[in-house]
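Here's the structure we're looking at; comments come further down.
The values are calculated or read from the model by the stated rules, or taken from the named source; none is laboratory data. These numbers were taken from a predicted model, which means no experiment stands behind them. Here the Cβ positions follow ideal geometry from the backbone for every residue, glycine too, while neighbour counts run over all protein chains shown. Areas reflect the complete protein model, heavy atoms only, side chains present, ligands, DNA and RNA absent. Shrake-Rupley method; radii C 1.70, N 1.55, O 1.52, S 1.80 Å.
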Amino acid sequence: MSASNVDAVTFSDLSRNPRAVAERATRLGRVRVTHRDAPDFYLTAADREERREQTLATASRLFLALIKHDPTARSLVIAMPEVFPWVRHLTSAELRAFTLELVEALSDAAELDVDVTLQEVITGWRATARIKADPADYAQARTATSGDFGPVEVSA
């Protein structure tokens with residue numbers, strides 16, 4: 001979800017008139033606080049955030065239960081292309097592995113409050129699909145290498 005300009009205030013607004021910003025956050029559910037020299041953040045009511053956490057925990061437990069009763073994760077695997085269209089470039093085994101890792105990462109987000117793992121799982125599997133989508137890139141990626149190729153550049 002992204003906030004519209006109506007749902008955003010500046011950090012200066014928050015500093016100058018915290019009560020009005022808090023009332024706005026209460027009325028809207030949350031407001032995005034923009035900051036020129038730092039990352040934006042959201043101001044939200046604690047009970048709303050607690051409900052979001054409970055929702056995530058319930059969803060992750062449901063997915064874990066589905067996998068427990070169907071180790072092949074057939075139902076989830078069938079749904080994956082609707083959520084992640086690029087999975088068509090993965091093999092069946094890779095798609096099942098991605099599905100399991102995704103559900104485990106959702107569980108970590110819900111139960112351990114570790115959100116970064118979920119995005120890492122998605123990003124890693126998307127990168128695999130991207131390489132496999134281009135036959136030339138995939139062939140090159142599968143060639144044997146040796147030696148040190150120097151530092152790795154990481155792009156966000």
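Modelling each spin label as a point 7 Å along the Cα-to-Cβ direction, I'd like the A93/Y42 distance in nm, to one decimal.
Modelled inter-label distance: 3.9 nm.
Restricting things to Cα coordinates, could you compute the convex hull volume per residue of region 48-118 in Å³?
Details: hull volume 6.4 nm³, N = 71.
So the per-residue hull volume is 90 Å³.
So what is the accessible area of the chain per residue, in Å², with the probe set to 1.4 Å? Please list the in-between numbers first.
On the way: 11360 Å² over 156 residues.
Per-residue value: 73 Å².
Using mean Cβ contacts within 10 Å as the protection proxy, how do 135-145, 21-31, 36-46 order, highest first?
Working: 135-145: 8.9, 21-31: 15.5, 36-46: 10.9.
Per-residue mean Cβ counts within 10 Å order the peptides as 21-31, 36-46, 135-145.
Quantify, in whole percent, the carbon and sulfur part of the accessible surface of the chain (1.4 Å probe; protein heavy atoms only). Intermediate values should be presented prior to the final figure.
Details: 6240 of 11360 Å².
That share works out to 55 percent.
Would you mind computing, in nm to one decimal, how far apart the modelled labels at H35 and S12 are, each placed 7 Å from Cα along Cα→Cβ?
Spacing of the two 7 Å Cα→Cβ label points: 1.6 nm.
Taking the Cα centre as origin and putting +1 on Lys and Arg beta-carbons and -1 on Asp and Glu beta-carbons, what dipole magnitude results for the chain, to the nearest 20 debye? Intermediate results must be reported in sequence, preceding the final value.
Values: 19 positive and 23 negative charges, 107 e Å.
So the dipole magnitude of the chain works out to roughly 520 debye.
Given points 7 Å out from each Cα along the Cα-Cβ axis, report the T55 to D113 separation in nanometres with one decimal.
Rounded to a tenth, the inter-label distance reads 1.9 nm.
When the helix-only estimate is applied to the chain (DSSP H runs of n ≥ 4, each -39,500 (n - 2.57), divided by the residue count), what is the mean residue ellipticity at 222 nm, nearest 500 deg cm²/dmol? Intermediate values should be presented prior to the final figure.
Working: 7 runs with 97 residues, N = 156.
It comes out at -20000 deg cm²/dmol, rounded to the nearest 500.
So what are the three principal axis dimensions of region 1-95 from its Cα atoms, in whole Å, longest to shortest?
56, 29, 20
Express in % the proportion of alpha carbon pairs of region 41-87 at distances exceeding 18 Å.
Working: 556 of 1081 pairs.
Summing the P(r) of region 41-87 above 18 Å gives 51 percent of all pairs.
For a test of the definition: using alpha carbon positions, the gyration tensor, and the 1.5 limit on a/c, classify region 73-156 as rounded, prolate or oblate.
Values: a/c = 2.52, a/b = 1.37, b/c = 1.85.
Oblate is the answer for region 73-156, as a/c is 1.5 or above yet b/c matches or exceeds a/b.
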